[in-house]
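Quick notes on the structure that follows.
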Amino acid sequence: MHCSLLPKIQNVLQAIDNCYRKHYLAAKQMTNSDQFDTRFNLLLTALERITQQIEQLGHRTDSNARAIEQTNQKIEQLGHRIDSNARAIEALTGTVSEFKRDRFRVYSLIADVAKAQADSAQSQSRMYSMMENLDERQEQLSQRQEQLSNRQGEIVEILKLLTQSN
């Protein structure tokens, strides 16, 4: 910051030096004391203006230094926010990855449950088919048992007739 002011200050000092030389040479050539006083007063006025401008430059420099300090503080605060946001993003990224893994596991479990339900339905269907088959066989056995009972009755009748005829 001071390096950027140095050329300006050097320019002001050069202007003062040039003005001083000009008035000094003019004062040497003067013979009239009033002209010398007038020029000397002009030179003092110019020097006062230059001094005021240097003071104004100093105030501006101080103001700029404060503004730069405030900017640096804001940049530092922004850096802290950026770091905080980066940590939050990392945490969210981890959470999102974990959520995706959990979602995949849930979908896998849902698929397993669906397969188990399908297997259960298939087993139940086979069981009902077997029960129907057993019902048919039981019906057939009942019919055969009835036929055998009828034949047994006929055989008993035949045996009675045979025993009576003897």
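Answer yes or no: is there a residue in the range 23-33 that is at negative phi, among the hydrophobic types (A, V, I, L, M, F, W, C) and modelled with pLDDT of 75 or more. No: zero hits.
If a residue has to be acidic (Asp, Glu) and more than 29 Å from the chain's Cα centre (by Cα) to count, how many in the range 52-83 make the cut? Qualifying residue count, the range 52-83: 3. State whether one or more residues within the range 65-85 are of a type in the set (Val, Ile, Thr) and either modelled with pLDDT under 80 or not in a helix (DSSP H, G or I) (or both). So far as the range 65-85 goes, no, none of its residues is of a type in the set (Val, Ile, Thr) and either modelled with pLDDT under 80 or not in a helix (DSSP H, G or I) (or both).
The values are calculated or read from the model by the stated rules, or taken from the named source; none is laboratory data. None of the values given here were measured: they were computed from a predicted structure.
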